[in-house]
């Protein structure tokens, strides 16, 4: 499809054009210079940070999601459905890793039984992805076959010099371009190709560029019983920082909140396999030590998930856990340690 | 909140009273046929030091507009030292709440003995008046807990 | 300094004083250093590292480590020694199983602190006294350690070791680093401004519990927030109340025991200034009950429980003193 461009300084016009009909979310810096997705309004500028602290999974799988309400009067219990059809919205400036994470989540939430809340949000979203001009040392999306230079989604975009280039890649993407065609102009394909080449060269120079995942699908038990887990997990604090900044972690818990006066609200919230009360049952927890909980997280990402999904890994190499772990233990260290073993 | 609703608004006050002094003080007020505002809901605890910070926070979450804690006068605690603990704990807690922007007037500790029925009434009158002037608690309330 | 530490640790391991070493282990990059236990001299020589990025407070791990057999060697920075003393006060560490080497500290930085200055793609960092040369994919940058040091180090309370068996490097002094300045600024705001300030901070909280789990003072076997029967069980904040509730209770539970090591703020993925809550408590009891530094000595009573019978501040001081 054709390529379109708009001067970077004029992006506000594009945002305004989109916001007229639907909500647009983009990474915005807070006062500490950290980016998170926020709804665009006049005056908000797109962050120049490489990526957001929280991942883009929040759009489809928010941290807290009310499911249903109960109201009790005397002996009667009313069940109130509070699910809502999502409105159309645009996620602007998601990076290649986050865009791939949606595919990972799709395999979980869109498989039978389909998660209707997830599905409605997914269907109403248009994803405008942005290529990474300045990847960091913590990036290893290439490991999982993700191309940061061609970030997928509905519209792919690049910042080239002072211009912002866009290329629709799906019908939804074309519809997005149609909406903003008054503010964009036809662009030059060669400029985009040049930028893609440039980004790929940088990606090749990253310190984790030669990290390759090991297919352990056949060796599930072997990896599970590896003596390395003791050492790897020995200093894990058991916090959930890695799981909550992770774009692909999809575990949740369903809880009830008793609001009093006979009202009960049932909601689901993110859960972390690093927590000691994860999957707590009447008989206790199945994973009693931090080692077992730690192992669960990485086995899930690197072994169990690929087994169930034709070898697709449940990690997209965004590097968030590399930056945010309090003790700097992370999936790359785990992969490298297990690799020595293999 | 609309103006209309505001007109109907009556403060909800939670008074946490120790069994040995303040609750008896409230009792005495009743026996003496002294009246104190009906906005005050009393919760009886064995000793004022039974109150942990969560009691106070929970009251606000569930819609209280002010929380007042009553215990024996320092030196008179049934358990000798309970209210000394209360004094330190609540000083620090209230200061923290104030630091987070919850008006300090919404939280109070008063010492009321079993013989001070009139004082109990005066304290509650005064507290209800303060909270009425402050208006409804918005900063620590949980909207899910609204009666509707 | 790293070579010196390895040399001394090797000696102590070889003469049988200790059978393992709790220290810092090299990572992928220069800054992603993990706490680790070294059980052999070879391991120590190969993987032990000590540099400007070794921020972790290792006293947290001594609780479990000192339960194990044999003596463990641990390296503690000045601020870590306060936590160490505090844990001893609470009988959480078996002192006889620990050999403490106090090490000099001139402030620490972290990968995140470098990135806050806009330095991305870090490949290597060369330390030259107070100057750091950062080699990145996008070129080299020179910064001074002072410019990139963690906030907690810029407002360090003390460079003096309060517990050690031996010392490597110089012992420092208790500092006057204006650590309460930010607290005072917030106190000067109106109630509404304060509320909005904290709402802005807490609304970023992702409830990962990193602040709680890294805290050397948080030593409960089961936290109230993880205990379904506590009535406080909560995995994610649904509204402002739950956001505030977690942070008030977390700070309150360590009031009088917090040594102001700043680990909570260091690990927060959203950089919420959690130390400002702890420091508020410290400032309050300093002002109301006399100066108190948790962990300065073993066996101190926390001001939260160490009441006096008369002349104690009444809770109403909050109303008189607080700006409305």
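Each value in this text was obtained by applying a stated rule to the coordinates, not by laboratory testing. What you see is a predicted model, and the numbers here were worked out from it, not measured in a lab. With ideal geometry, Cβ positions are generated from the backbone for all residues, glycine too; neighbour counts draw on all protein chains shown.
For A:258-265, what's the mean count of beta carbons from other chains sitting within 10 Å of each residue's beta carbon?
Per residue, the number of nearby Cβ atoms from other chains is 4 on average.
Highest mean first, how do A:78-90, C:246-258 rank when packing is the count of other Cβ atoms within 10 Å averaged over residues?
Put in order of decreasing packing, that is C:246-258, A:78-90.
Considering every residue in C:300-307, what mean count of other chain Cβ atoms within 10 Å of its Cβ is obtained? Before the final figure, lay out each step's value.
Values: counts 0, 0, 1, 2, 5, 5, 2, 9.
Going residue by residue through C:300-307 and averaging, the value is 3.
What's the center-to-center distance, using Cα atoms, between segment A:66-87 and segment B:86-111 in Å?
After rounding, the separation between the Cα centres reads 37 Å.
Compute the Cα gyration tensor for segment A:74-223, then decide on rounded, prolate or oblate, letting a ≥ b ≥ c be the square roots of its eigenvalues: rounded whenever a/c is under 1.5, prolate when a/b is larger than b/c in the other cases, and oblate in all that remain. Mind showing how you got there, number by number?
Working: a/c = 3.05, a/b = 1.24, b/c = 2.45.
Oblate.
Which value in nm describes the separation of the simple spin-label points at residue B:38 and residue B:76, placed 7 Å from the Cα toward the beta carbon?
3.0 nm
Set the Förster radius R0 to 45 Å, insert the Cβ-Cβ distance between residue C:220 and residue C:138 as r into 1/(1 + (r/R0)^6), and round the FRET efficiency to 0.05. Write out the running numbers ahead of the final one.
Working: r = 45 Å, r/R0 = 1.00.
With R0 = 45 Å, the Cβ-Cβ based efficiency is 0.50.
Run the simple label-point estimate for residue C:41 and residue B:55 please: 7 Å along Cα→C-beta, distance reported in nm.
Computed distance between label sites residue C:41 and residue B:55 equals 6.1 nm.
Apply the a/c threshold of 1.5 to the C-alpha gyration tensor of segment C:1-143 and tell me whether it is rounded, prolate or oblate.
prolate
Taking only Cα atoms, what is the 0 to 90° angle, nearest 10, from helix C:191-202's long axis to the longest principal axis of chain C?
That helix lies at roughly 40 degrees to the long axis.
So if we plug the beta-carbon distance of residue C:90 and residue C:174 into 1/(1 + (r/R0)^6) with R0 = 25 Å, what FRET efficiency do we get, rounded to 0.05? Could the numbers behind the result be given before it?
Values: r = 23 Å, r/R0 = 0.90.
With a Förster radius of 25 Å, E is 0.65.
Once both axes come from the Cα atoms, what is the angle between helix C:2-14 and the longest principal axis of chain C, in degrees from 0 to 90, rounded to 10?
With both axes taken from Cα atoms, the answer is about 80 degrees.
If you average the sequence gap of Cα pairs under 8 Å that are 6 or more apart and divide by the length of segment A:1-123, what percent do you get for the contact order?
Values: 128 pairs, mean separation 27.2, N = 123.
Worked out over segment A:1-123, it gives 22 percent.
What's the FRET efficiency of residue A:185 with residue A:38 using the Cβ-Cβ distance as r and R₀ = 25 Å, to the nearest 0.05?
The value I calculate is 0.35.
Rounded to the nearest Å, what's the spacing between the alpha carbon centres of segment C:48-84 and segment A:316-342? Just the number, please.
About 23 Å separates the Cα centre of segment C:48-84 from the one of segment A:316-342.
Divide, for segment A:83-138, the radius of gyration over alpha carbons by 2.2 N^0.38 Å, where N is the residue count.
1.33
Between the helical axis of C:240-253 and the dominant principal axis of chain C, each derived from Cα atoms, what acute angle in degrees is found, rounded to the nearest 10?
60 degrees
Springs between alpha-carbon atoms under 10 Å, Gaussian network over chain A: tell me which of A:316, A:223, A:303 tops the mean-square fluctuations.
Looking only at A:316, A:223, A:303, the largest GNM fluctuation is found for A:223.
Just grab the label-to-label distance for residue A:80 and residue C:229, each label 7 Å out from Cα along the Cβ direction, in nm (one decimal).
3.3 nm
Multiply the residue separation of residue C:203 and residue C:68 by 0.36 nm, subtract the distance between their alpha-carbon atoms, and state the gained length in nm to one decimal.
Working: separation 135, 0.36 × 135 = 48.60 nm, distance 4.07 nm.
Going from the current span to full extension adds 44.5 nm.
Taking a ≥ b ≥ c as the square roots of the eigenvalues of the Cα gyration tensor of chain A, is the shape rounded (a/c under 1.5), prolate (a/b larger than b/c) or oblate?
oblate
Once you've got the GNM for chain C with C-alpha springs shorter than 10 Å, pick whichever of C:275, C:178, C:161 has the biggest mean-square fluctuation.
Sorting by GNM fluctuation, first place goes to C:178.
Looking only at C:28, C:182, C:86, which one moves most when chain C is put into a Gaussian network model with springs between Cα atoms under 10 Å?
Highest fluctuation of the listed residues: C:28.
From other protein chains only, count the Cβ atoms within 10 Å of every residue's Cβ in B:101-109, then give the mean.
Average neighbour count from other chains, rounded to a whole number: 6.
Kindly rank A:235-248, C:293-306, B:111-124 from highest to lowest mean number of other beta carbons found within 10 Å of each residue.
My ranking of the peptides, most packed first, is A:235-248, B:111-124, C:293-306.
List the relative contact order of chain A as a percent without decimals, with contacts defined as Cα pairs under 8 Å and 6+ residues apart. Kindly include the intermediate steps, with their values, before the conclusion.
Numbers: 607 pairs, mean separation 71.3, N = 342.
So the answer I get is 21 percent.
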